Amino acid sequence: MLNKQGFNLWANNYDHTVQLSEESNQYPFAGYKTILNTIFNEIMQKSQSKVLDIGFGTAVLTSKLYEEGHTIDGLDFSSEMIKIAQAKMPTAHLMEWDISKGFPDSFKNNKYDFIISTYALHHLSDEEKIPFIKNLLTLLSEEGKIIIGDIAFKTRDRLETCRRDSINYWDDEEYYFVEEELYPVLKEFSQCEFHPISHCGGLFIMTRK
């Protein structure tokens, strides 16, 4: 798992690295473009929405939403990635923050039409993901949605298959979404859907009950 310093060093080459993995249909970024396009199209159904992006990186997705007139807030723990993103979105409210510490108090009174996160929450264990997502639900507007695109699998068996096939570059320090394990918990406090996109990527869409 890359730490904050690692992401700062990776910032300028991040998009190229993702592209190579995505184009070769390899773990961890197979399906990446489809995931981002799906989230973009979902948000574009509502004009001038307020969006919170958790782990926005170099703002590949949110900069396009920004250009379309959506209001962007964001959290990321890489200062170098924030510099790249802020240059693309000058009026966006971007904050350096480590989500392993929970959620910043300065954002807790906000309401969002969409809360999105792509390839960031796998840095939290399942025990950390659940309360974090619960907190996010309280920030949604009346018809708001949480959309999480990440390394995700329908079953533990599919994760293990991917792990075996990708053993030379698998990251054992990351915590990937497994729908059969998380869904029973998530459905207790949210309306939840899972949409597999590739052999190692998928989308969770959640709304308040």
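Restricting to the stretch 153-209, count the residues that are within 18 Å of the chain's Cα centre (by Cα) and among the hydrophobic types (A, V, I, L, M, F, W, C).
So the answer is 13.
Does the stretch 188-200 contain at least one residue that is touching a His at 6+ places or on another chain (Cβ under 8 Å), touching a residue at least 12 places away in the same chain (Cβ under 8 Å) and either under 21 Å from residue 22 (Cα atoms) or of a type in the set (Asp, Glu) (or both)?
No, the stretch 188-200 has no match at all.
Residue check: is residue 34 modelled with pLDDT under 95, under 14 Å from the mean Cα position of the chain (by Cα) and polar (S, T, N, Q)?
Considered against the rule, which asks whether it is modelled with pLDDT under 95, under 14 Å from the mean Cα position of the chain (by Cα) and polar (S, T, N, Q), residue 34 comes out as yes.
I need a count of the residues in the stretch 67-81 that are modelled with pLDDT of 95 or more and among the hydrophobic types (A, V, I, L, M, F, W, C).
Qualifying residue count for the region: 2.
What's the total number of residues in the stretch 149-197 that are closer than 30 Å to residue 208 by Cα, part of a helix (DSSP H, G or I) and charged (D, E, K, R)?
6
Being hydrophobic (A, V, I, L, M, F, W, C), in contact (Cβ under 8 Å) with a residue 40 or more places away in the chain and assigned to a strand (DSSP E or B) is the requirement here; does residue 130 meet it?
no
What number goes with the only condition from (1) surrounded by fewer than 21 Cβ atoms within 10 Å (Cβ to Cβ); (2) more than 18 Å from residue 52 (Cβ to Cβ); (3) acidic (Asp, Glu) that residue 105 does not pass?
In the conditions (1) surrounded by fewer than 21 Cβ atoms within 10 Å (Cβ to Cβ); (2) more than 18 Å from residue 52 (Cβ to Cβ); (3) acidic (Asp, Glu), residue 105 misses (2) alone.
Exactly one condition in (1) surrounded by fewer than 18 Cβ atoms within 10 Å (Cβ to Cβ); (2) under 22 Å from residue 201 (Cβ atoms) is not met by residue 58; state its number.
So the condition that residue 58 fails would be (1).
Only residues that are among the acidic types (Asp, Glu) and under 16 Å from residue 104 (Cβ atoms): list them for the stretch 61-93, please.
Hits for the stretch 61-93 are 73, 76.
How many residues does the stretch 71-127 contain that are farther than 15 Å from residue 59 by Cβ, polar (S, T, N, Q), in a loop (DSSP other than H, G, I, E, B) and within 15 Å of the chain's Cα centre (by Cα)?
Looking only at that region, the number is 1.
Out of everything in the stretch 89-102 that is out of contact with any strand residue (DSSP E or B) (no Cβ under 8 Å at 6 or more places or on another chain) and surrounded by 11 or more Cβ atoms within 10 Å (Cβ to Cβ), what residue ends up being nearest to residue 131 (Cα to Cα)?
Filtering the stretch 89-102 for residues that are out of contact with any strand residue (DSSP E or B) (no Cβ under 8 Å at 6 or more places or on another chain) and surrounded by 11 or more Cβ atoms within 10 Å (Cβ to Cβ), the one nearest to residue 131 (Cα to Cα) comes out as 102.
The values are calculated or read from the model by the stated rules, or taken from the named source; none is laboratory data. Predicted, not measured: the structure shown is a model, and the values here were computed from it. We place every Cβ from the backbone using ideal geometry, glycine too, and count neighbours over all the protein chains shown.
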